[in-house]
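Working notes, structure below.
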């Protein structure tokens with residue numbers, strides 16, 4: 001079916017739904033559209049579960065429940081050695097790419113050959129920061145930009161993400177609120193990463209690394 005045919009079919013289906021709801025015309029009225037806009041501008045929230053744990057502890061626990069490994073360091077200067085320890089302990093290459101935003105860290109001093117750039121297909125390791133962490137699900141939120149290219153978290157087989165502890169929020173709604181306050185207009189891509197890429201399509205067996213990294217390691221920085 002062509003795009004035009006698909007669009008026409010969609011309009012017919014929506015018109016039938018409106019008639020079944022007793023809403024008359026095939027298109028929303030101006031009042032209906034304004035009501036929708038008002039609702040969206042308010043960013044209403046649904047019920048959210050209470051969290052008894054400290055956010056960093058819950059974030060790490062939820063991440064580790066999804067085959068993600070985690071580490072905790074006190075300062076940014078400890079990040080390169082922490083990445084080096086993780087790669088060495090798992091027999092992984094000490095080379096790849098890093099967000100340009102983090103290129104000033106002493107990677108070479110930790111024995112790592114990480115270049116501040118977008119990822120290429122042959123990069124074994126990609127190191128990124130994170131815009132926020134979500135404690136409820138152990139998820140990291142990444143936003144794209146010249147200094148934070150999305151490819152670094154998507155193409156390499158190993159993704160290491162550095163998360164600042166004070167930017168770990170309770171719920172996804174909190175992460176979106178943070179983005180609206182700090183970013184204004186949203187960037188081209190906002191990615192939520194919850195553990196390694198996976199699929200259950202192959203004989204209904206979970207396979208890691210199907211559409212992205214085989215492994216994800218999170219390093220939380222206290223300050």
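Give, in whole angstrom and from largest to smallest, the semi-axes √(5λ) of the equivalent ellipsoid of segment 55-221, with λ running over the eigenvalues of the Cα gyration tensor.
After scaling each eigenvalue by five and taking roots: 21, 20, 17 Å.
Mind checking which of 100, 146, 47 has the largest fluctuation in a GNM of the chain, springs on alpha carbons under 10 Å?
47
Please state the relative contact order of segment 78-223 as a whole percent: Cα pairs under 8 Å, 6+ residues apart?
23
Give the angle, between 0 and 90 degrees and rounded to the nearest 10, that separates the Cα long axis of helix 3-20 from the longest principal axis of the Cα atoms of the chain.
60
Using mean Cβ contacts within 10 Å as the protection proxy, how do 12-19, 78-85 order, highest first?
78-85, 12-19
Which distance in Å, rounded to a whole number, links the C-alpha centroids of segment 127-141 and segment 82-112?
When both Cα centres are located, 19 Å separates them.
By count of other Cβ within 10 Å, fewest leading, how are 214, 86, 39 ordered?
39, 214, 86
Give the angle, between 0 and 90 degrees and rounded to the nearest 10, that separates the Cα long axis of helix 79-89 from the longest principal axis of the Cα atoms of the chain.
80
How much FRET efficiency would the formula 1/(1 + (r/R0)^6) give for residue 8 and residue 203, where r is the Cβ-Cβ distance and R0 is 45 Å, rounded to 0.05? Present the calculation step by step, with values, prior to reporting the outcome.
Working: r = 39 Å, r/R0 = 0.87.
Efficiency computed from Cβ-Cβ geometry: 0.70.
What full-extension length gain, to one decimal in nm, is calculated for residue 183 and residue 76 as 0.36 nm per residue of separation minus the Cα-Cα distance?
Working: separation 107, 0.36 × 107 = 38.52 nm, distance 2.33 nm.
Using 0.36 nm per residue and subtracting the Cα-Cα distance, I get 36.2 nm.
For segment 1-130, just say rounded, prolate or oblate: build the C-alpha gyration tensor, square-root its eigenvalues into a ≥ b ≥ c, call rounded for a/c under 1.5, and beyond that prolate if a/b exceeds b/c, oblate if not.
Details: a/c = 3.33, a/b = 2.15, b/c = 1.55.
The shape class here is prolate.
Which of these, 22, 133, 200, has the largest mean-square fluctuation under a Gaussian network model of the chain (Cα springs below 10 Å)?
Judging by the Gaussian network model, the answer is 22.
Can you give the FRET efficiency to the nearest 0.05 for residue 36 and residue 214, using r as the Cβ-Cβ distance and R₀ = 30 Å?
Given R0 = 30 Å and the Cβ-Cβ separation, E is 0.10.
Can you compute the modelled spin-label distance between residue 27 and residue 118, with each label point 7 Å from Cα toward Cβ, in nm?
3.9
Give, in whole angstrom and from largest to smallest, the semi-axes √(5λ) of the equivalent ellipsoid of segment 3-42, with λ running over the eigenvalues of the Cα gyration tensor.
Working: eigenvalues 98, 40, 12 Å².
After diagonalising the Cα gyration tensor, the semi-axes are 22, 14, 8 Å.
Given springs between every Cα pair under 10 Å in a Gaussian network model of the chain, which of 75, 23, 188 has the largest fluctuation?
23
Pairs of Cα atoms under 8 Å, at least six residues apart: use those to get the relative contact order of segment 163-223, whole percent. Display every interim value, and only then the final one.
Details: 50 pairs, mean separation 24.4, N = 61.
In percent, rounded to a whole number, it is 40.
Would you calculate, for the chain, the mean residue ellipticity at 222 nm contributed by helices, counting each DSSP H stretch of 4 or more residues as -39,500 (n - 2.57) and dividing by all residues, to the nearest 500?
Rounded to the nearest 500, it is -9500 deg cm²/dmol.
With axes computed from alpha carbons, what is the tilt in degrees of helix 30-42 against the longest principal axis of the chain, rounded to the nearest 10 within 0 to 90?
20
Sort out for me the Cα centre separation of segment 146-165 from segment 5-75, rounded to whole Å.
So the two Cα centres are separated by 25 Å.
Arrange the following residues from fewest to most other Cβ atoms within 10 Å of their Cβ: 176, 107.
Neighbour counts put them in this order, fewest first: 176, 107.
None of the figures in this text is laboratory data; all of them are computed from the coordinates on show. Values in this document were obtained by computation on a predicted structure and should not be read as measured data. When we count neighbours, we look across all protein chains shown, and the Cβ atoms used for this are built from the backbone with ideal geometry, even at glycine.
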